[in-house]
Amino acid sequence: MGQAYVSDAVELIDDPHAYVILRADWASYQFGARRYNRFNLRPAVRLSYRTEFGRFALLYKRGVLRPSADEQNPEIDYISEFEQTVGNTSLGAELSDQLVFAYGRPVGSAYLSFNASASETRDMIVGVLANSYNLSTYENAARCRAGRLSASYRQPFFDYRFNVSGTLFAGWEEYIVLPRFVPKSQNQGNSGFSFGGYLDVSYDTESNWEFSLYGSYESRDVSFASTLYDTPIYGGGSG
C-alpha cells in the first residue's frame with residue numbers, strides 16, 4: 001500500500017487564500033495466485049477570505065474508504081450450518097464528497113463560529129445475500145446523504161485562565177440501498193434527524209494545574225443498519 005500527494009497554497013490579491021492538495025492512494029492485495037490493485041484520487045480545496053465582518057471559508061474534500069481484507073477474501077468463512085460469509089474480490093472503495101461552509105469572527109474577547117456541511121457517500125460496502133439465505137457477501141450496494149449545521153461560542157475570562165466553550169448542532173442522515181440490491185440486502189436503509197450539543201468549562205491555575213468539566217448530548221446516532229438513542233455524557237478532570 002502506498003500514497004503520494006502534491007499540494008500548493010496560493011495567495012490571491014491581498015488576503016484571499018486558496019489551498020489545493022491532490023493525493024493519490026494505491027493498494028495491492030493478493031489472494032492465492034491472483035493480485036488485485038486499487039487506485040484512487042483524493043483532491044481537497046480550501047478557499048478563505050477575511051473581511052471586517054469575519055472570516056469566510058469554503059472547503060471541499062474527497063474521502064476514500066477501501067474494503068478490508070476480510071471483505072475481499074474469496075474463501076468462505078463457515079460460522080455455522082446456517083451462516084457463512086464470503087468476500088468479494090470485485091469490491092470498489094467507498095467514495096465520499098464533502099462541502100463545508102464556515103464563518104467565524106471575534107466578539108470582544110470571545111469567538112463565534114458557524115458551520116454548514118453537506119456530504120454524499122457512494123458505493124457504500126454493505127452485507128447482502130449471495131446464492132442462498134445462509135451465505136452472505138459484500139457489495140457496493142448503498143449510498144448516504146448527510147447535512148449538518150453547528151454554532152460554537154468560546155469565551156475566556158480572567159486573562160484566559162477561565163474558559164467556557166459550547167457547541168449546538170443539528171443534522172440529517174439518509175442511507176439508501178441501490179434499487180438492484182434491494183431484494184438481496186440484509187437491511188433496507190435508514191434515515192433520521194439528530195441534534196445535540198457540547199459544553200466545556202476549564203480553569204488554569206497559576207501553578208499550571210488545569211481543572212475541567214464537560215458535558216455532551218446527541219439525541220440519536222443514525223447508521224445504515226440501526227438507530228441508537230443516546231443519554232447525556234458528562235465528567236471532569238484535573239492535571
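General observations
- Residue match in segment 129-139 (condition: surrounded by 17 or more Cβ atoms within 10 Å (Cβ to Cβ), part of a strand (DSSP E or B) and touching a residue at least 60 places away in the same chain (Cβ under 8 Å)): yes
- Scan of segment 104-136 for residues that are more than 20 Å from the chain's Cα centre (by Cα) and of a type outside the set (G, A, S), ordered by number: R105, P106, V107, Y111, L112, V128, L129, N131, Y133, N134, L135
- Filter result for Y78 (among the hydroxyl-bearing types (S, T, Y), in a strand (DSSP E or B) and surrounded by fewer than 13 Cβ atoms within 10 Å (Cβ to Cβ)): yes
- Residue that is nearest to G166 (Cα to Cα) [pool: residues in segment 176-204 that are within 22 Å of the chain's Cα centre (by Cα) and aliphatic (A, V, I, L, M)]: L199
- Only one of V126, V100 that is surrounded by 14 or more Cβ atoms within 10 Å (Cβ to Cβ), touching a residue at least 60 places away in the same chain (Cβ under 8 Å), closer than 21 Å to W172 by Cβ and touching a strand residue (DSSP E or B) at 6+ places or on another chain (Cβ under 6 Å): V126
- Residue among R34, R66, R38, R42 that alone is over 30 Å from S113 (Cα atoms), among the charged types (D, E, K, R), touching a Gly at 6+ places or on another chain (Cβ under 9 Å) and modelled with pLDDT under 85: R38
- Search result, residues across segment 81-116 that are aromatic (F, W, Y) and assigned to a strand (DSSP E or B): F101, Y103, Y111, F114
- Restricting S194, S216 to residues that are within 26 Å of V64 (Cβ to Cβ), touching a strand residue (DSSP E or B) at 6+ places or on another chain (Cβ under 6 Å) and modelled with pLDDT of 95 or more narrows the list to S194.
The values are calculated or read from the model by the stated rules, or taken from the named source; none is laboratory data. What you see is a predicted model; the values in this text were computed from it and never measured. Quick reminder, even Gly has a Cβ in these numbers, built from the backbone with ideal geometry, and neighbours come from all protein chains shown.
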